[in-house]
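One structure below.
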Amino acid sequence: MKIRLREPTIAFLFLLPAFIGVIVFYYYQIVQTGIYSLHNLQHTADWQTQPFVWFKNYATVFRSTYFWQSLRFTVYFTFMATVLELAVGLGMAMATFWVSRWLGGILRAIIIMPWVIPPIINAMIWRWLFHADVGLFGYILVSLGLVDKPPLFLTEPMLAVHSVIFADVWKNSSIMAIFLLGGLAAIPADIYDAAKVDGARSWFRFRKVTLPMLLPTILVALLFRGIDALRTFDLIYGLTGGGPGTVTETLSSFAYKYYFTYGKFGLGSAYAIVVFAIIVGLAAVYLSRIRRNMRFKE
Amino acid sequence: MSRERKWLVGICILVVLATLAACGPTPTPQVIKEKETVVVPVKETVTVKETVVVPQEKTTVTIAYNQYFNMTFGPADPPIVAIKKAVESKYPNIKVELLVTSTEAKTWHDMYTTWFMAKDPTVDILGVGGYWTAEFAEAGWLEPLNDGVAPDVDPKITAKLIPAYLEAHTYKGKLMGLGPWWGGIGGLYYRKDLLEKYGFKPPQTYDDVVTIAKTIMAKEPGMTGWTWSGKKDVALVNRWFEYLYGFGGKYFDDAGKCAMNSPQALAALEYMVNLIKDGISPAEVATWKEEDSMVRFVSGQAIFHTGRQDMLFWLDNPEKSKVVGKWGFIPNPAQPGGRRSGTYEGWAFAISKFSDSKDAALKVLEVMFDFPVQKELNLSQGPVQAHMDVYTDPDVIKNNPNMPLIEEIAKTALAPLSSPQYPEIADILAEEIHAAITGLKAPKAALTDACARIDLATGH
Amino acid sequence: MSAKLSHRYRTQYTYLMQTVVTILIAVFCLTPMFYILSTSLKPRGAEYMIPLELWPSKPTLQAYRAVLGIVEEAELASESKGSMVLPADQARIVKSLSFVTPLRNSLIVSSAVAAFSLLISSLSAYAIARLRFRYKIQSLIFLQLGAMIPIAVTIAPTFMLMRSLGLLRTLLAMIIPNIFYNVPMSTWLIACYFAELPFDLEDAAKVDGYKPIQIFWKVIIPLAAPGLFSAGVFAFLGSWGEFMLASAVSMGIPAVQTVPAAMLNFSVQFRYEWTWISAAIILSVALVAFMTLVFQRWVIRGLTAGAVKY
């Protein structure tokens, strides 16, 4: 017997494993989290036997001043981190193209390095570099004579916020640069040559040729990083633990705390759903962007 | 069409099976628990006297505790070794295993929460902080030891344990654990030599401390006034409780609402903040854990230090300390109207509700709180222990000549705040107090916020 | 003549500037790792010495031996003057926390994740990029939207799911979810690469009598190797660094901890031993760094066709 599968059927079969996994590990989990968030769950996740409380957990979340504070920090962190990462990443990517071929190869290898470091290990690294007594950063500032004694990078509120952002920028400028390298490589060389022949100066070339050509890539990379930064957890957990006070607590670290420190699965789930809702907004923009640029076989 | 659909369903199932099967053969190290049958081979047992070797059913009892169970600081075996030996001689068919937890109380606690949420049967006996008892008991995660339902601890064992400590591990009339196997009480260390040199007596009130520190710091350049642990952590909360009660405040009012926004509490927090503002305590205290905070005192660079009693046992050891013979240890001071208080942190052992060998676990627990092991614990780790005979044992007194100092401190012991919401309350307090001492918030605002959040957490 | 000279100066000036820029970027990207490397080579306790040494005067591999659990009691004894913990106890603790186990676990987890997520996502990417069916874009968005969900949202139910499957405290509890955490991104990267290949490949293959699965396996996959490769690296790195799930499902048991979870545990247990912590950091980064370095050309090439191309 010979089987003839039509193309849509084959496509369906090919997509099936991915779909099943994504449903089980993402969509089902959201539904489950949603169910948790409507129950009063203290030190248990058996929601069937626990009281159903409608939206009481959400009310608690929105009433808490610390939710709004962590939301503010999360948004500030995301904004600062992505903008700085874009600036640094773009600089590094442009430099790679600008320098000679030989140096460019070296630069690419160097730029990719911070990207491979796992976030929690990144947090460890910066904990040591920002050490209050023998941290490299404080030491450099002191030897340059800028300050008398090492600043308390992770204890003073304003410093702590920006130390966290700096640590994130250090690691993630790298992936930003890699994305932009891809974008730059895709700009046809003859456009440059044409601009050069016209006698355009380099700044003008950058503004009028490179930037517009690169803009879609920049936008997608920004959205990609933005979504990632909104979910930041590991870095905070390892570097400041949310301190000083609750100044550097992100929404994700709040949710985690409610789950595994306080055992309040209901309230933690409400936090998680709120994070999800915020991200969906950004994700919608991201996906519509991607969709517009589709060039698949129709 | 229908034939095609049949195929489709068939292949669907195949793909799912293939995906599952593909995940199968990966090596999966697992903590193996349950009963293991150990057949002792005759040839290898040279020292075994029995001629007939019977296969024995061995039950494994797993104890969860941190790395300190693997260490000794005195003339005795590390605790886990002492326990293994004692259990082996009394119950040869029980095997004791140690599962090492985190030394950081917060990570440690979160680890337990995940185990309990998973209803994990691996761990039988858990080391628990006194302040976790209420939470775990309320959640139904611990096995009550005196409720008339097995396992219940032998009254002969509990009769020898100090009642006040047992009280701290009792929740709603039910004994949830035995303790402490080791405990800490906060007190004030001071430089006896310096105070004598400048004609001061040991301080009685918090104002005394400031006066003394200011005078000596002016005359002895390079000296730090007062060190304590101010990292955003449980240790900071413990220190805060001492100031709170020392200034006449308390945790809750009679209705169970948070009372830490009272004028007394405000005075206490303002005092802490001023210590840093006036330079008596360096700004670094806000980054110090207990181990960091003691460094300056031990190396002779600080006049006062607040910490647990455990430093007593090595402050006179010249290898570890530069202040041999130059120090004193007294209960924390108090302002008029306040209570001299040292926060008591006792580490107890409880039996998990989800344990699969509770009877064996109870036997091990009883051995751990019987005199021989308690004495070993004292010798290896220092006091305080639950067993009352330990304190009069000649070996113990010989090993710890500073033991009598503890009696004074123990009188001021302050029971930790007991609430099923303790982890959240401790976090809130750590955050707010830390915000105040780092200058992020005014003390009044910090306390108002703390109480509002605590009442929200406890449902008042 | 003068024009030529100025041109030469210009070239030299440009060359100088290029070198300066390269050095600046290198300093920015490498200083932290360099300092960690330097700390890891210091003898125990020397990391707290002031003035700080940027590079140890007497480099030693002692910290690495401690981290790998092959340190001798005597060595610890000579180094730990003033420490409250006895050398014998320390040696035992160091051995019990050897970093070999987490490195091995992470290798198993990450390789398995990379392999399976590549397998699954190349299938789905092929369908999306090269097969004709309705709801194509919807399928892609369905997958992508999943990837936007923070692990903080899914961690609690995933944990309970792994519990009911009896997989807690096994590596499978990390492998299976991580495969699917990486599928959406991999699908996207690979699909973009597939779309670059000429569409008449299939028709030619059909003429040669290839079945659909053969076309996929024998024609498309080999041609898309760079794209697959960079997706694989992404999946490998993603699961190498995944922390929240790993620390929840390993439940603190060293035997099943991957590098990030073990790293946190290690840094708590040896809070003041920064030479050791640094050595552990270097060990856990070295392998992935080396891998990425060797293959960086392919990774970037794969990405060029990938997610962020307009």
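Can you tell me which residue in region A:268-290 is farthest from residue B:106 (Cα to Cα), limited to those that are open to solvent by 20 Å² or more (accessible area, probe 1.4 Å) and touching a residue at least 24 places away in the same chain (Cβ under 8 Å)? It would help to see each step written out before you state the result.
In the first step, residues of region A:268-290 are kept if they are open to solvent by 20 Å² or more (accessible area, probe 1.4 Å); the result is A:273, A:276-278, A:280-282, A:284-285, A:288-289.
Filter once more, keeping what is touching a residue at least 24 places away in the same chain (Cβ under 8 Å): A:273, A:276, A:278, A:282, A:285, A:289.
Details: A:273: 25, A:276: 26, A:278: 29, A:282: 34, A:285: 39, A:289: 43 Å.
In this case the residue turns out to be A:289.
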Taking region B:184-228 and the residues there that are touching a residue at least 40 places away in the same chain (Cβ under 8 Å) and of a type in the set (Lys, Arg), the one that is least open to solvent (accessible area, probe 1.4 Å) would be B:191
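Suppose we filter C:245, C:237 for residues that are in the same structural domain as residue C:168 (by TED's automatic domain parsing) and either open to solvent by 10 Å² or more (accessible area, probe 1.4 Å) or in a loop (DSSP other than H, G, I, E, B) (or both); which single one remains?
Working: C:245 fails: either open to solvent by 10 Å² or more (accessible area, probe 1.4 Å) or in a loop (DSSP other than H, G, I, E, B) (or both).
After ruling out the rest, the residue left standing is C:237.
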Residue pairs within 6 Å by beta carbon, gap of at least six or interchain, first lying in region B:412-423 and farther than 11 Å from residue B:237 by Cα and more than 14 Å from every other protein chain (Cβ to nearest Cβ), second in a loop (DSSP other than H, G, I, E, B) and open to solvent by 30 Å² or more (accessible area, probe 1.4 Å), listed first then second, are B:412/B:340
When only residues in region B:274-283 that are of a type outside the set (A, V, I, L, M) and either over 19 Å from residue A:244 (Cα atoms) or crowded, with 20+ Cβ neighbours inside 10 Å (or both) count, which is farthest from the other protein chains (Cβ to nearest Cβ)? B:278
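Working only within region C:125-154, note down all residues that are part of a helix (DSSP H, G or I), within 7 Å of chain A (Cβ to nearest Cβ) and under 30 Å from residue C:248 (Cα atoms).
C:141, C:143, C:144, C:145, C:146, C:152, C:153, C:154
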Count, please, the residues in region B:388-404 that happen to be outside any helix (DSSP H, G or I) and under 23 Å from the mean Cα position of the chain (by Cα). 2
Could you tell me which residue of region A:118-127 is farthest from the other protein chains (Cβ to nearest Cβ), considering only residues that are farther than 11 Å from residue A:167 by Cβ and in contact with a Gly (Cβ under 7 Å, 6 or more places away or on another chain)? A:120
Which residues, counting only those in region A:202-218, are open to solvent by 50 Å² or more (accessible area, probe 1.4 Å) and either touching a helix residue (DSSP H, G or I) at 6+ places or on another chain (Cβ under 6 Å) or of a type outside the set (A, V, I, L, M, F, W, C) (or both)? A:202, A:207, A:208, A:212
Over region B:376-418, the set of residues at negative phi, buried (at least 20 other Cβ atoms within 10 Å of the Cβ) and not aliphatic (A, V, I, L, M) is B:376, B:378, B:380, B:381, B:383, B:385, B:387, B:412, B:416
Scan region A:126-170 residue by residue and report those that are in a helix (DSSP H, G or I), touching a Phe, Trp or Tyr at 6+ places or on another chain (Cβ under 7 Å) and closer than 17 Å to residue C:277 by Cβ. A:128, A:129, A:136, A:167
Which of the helices (runs of 4 or more DSSP H) contained wholly in region A:1-79 include at least 3 residues that are within 10 Å of chain B (Cβ to nearest Cβ) and modelled with pLDDT of 90 or more? A:7-22
State all residues of region A:92-112 that are under 19 Å from residue A:176 (Cβ atoms) and open to solvent by less than 40 Å² (accessible area, probe 1.4 Å); if no residue qualifies, say none. A:92, A:93, A:95, A:96, A:99, A:104, A:107, A:109, A:110, A:111, A:112
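Tell me yes or no: at least one residue of region A:243-254 is surrounded by fewer than 19 Cβ atoms within 10 Å (Cβ to Cβ) and more than 9 Å from chain C (Cβ to nearest Cβ). Lay out the reasoning, then the answer.
Of all residues in region A:243-254, those surrounded by fewer than 19 Cβ atoms within 10 Å (Cβ to Cβ) come to none.
No - not one qualifying residue is present in region A:243-254.
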Go through region C:23-55 and give me each residue that's open to solvent by 50 Å² or more (accessible area, probe 1.4 Å) and either hydrophobic (A, V, I, L, M, F, W, C) or under 27 Å from residue A:88 (Cα atoms) (or both). C:23, C:24, C:27, C:28, C:30, C:34, C:37, C:49, C:50, C:54, C:55
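The values are calculated or read from the model by the stated rules, or taken from the named source; none is laboratory data. Being a predicted model, the structure only gives us computed values, none of them experimental. All Cβ positions, glycine included, derive from the backbone under ideal geometry; neighbour counts span all protein chains shown. The protein model used for the area step is the full one, side chains on, heavy atoms only, and it has no ligands, DNA or RNA in it. Shrake-Rupley method; radii C 1.70, N 1.55, O 1.52, S 1.80 Å.
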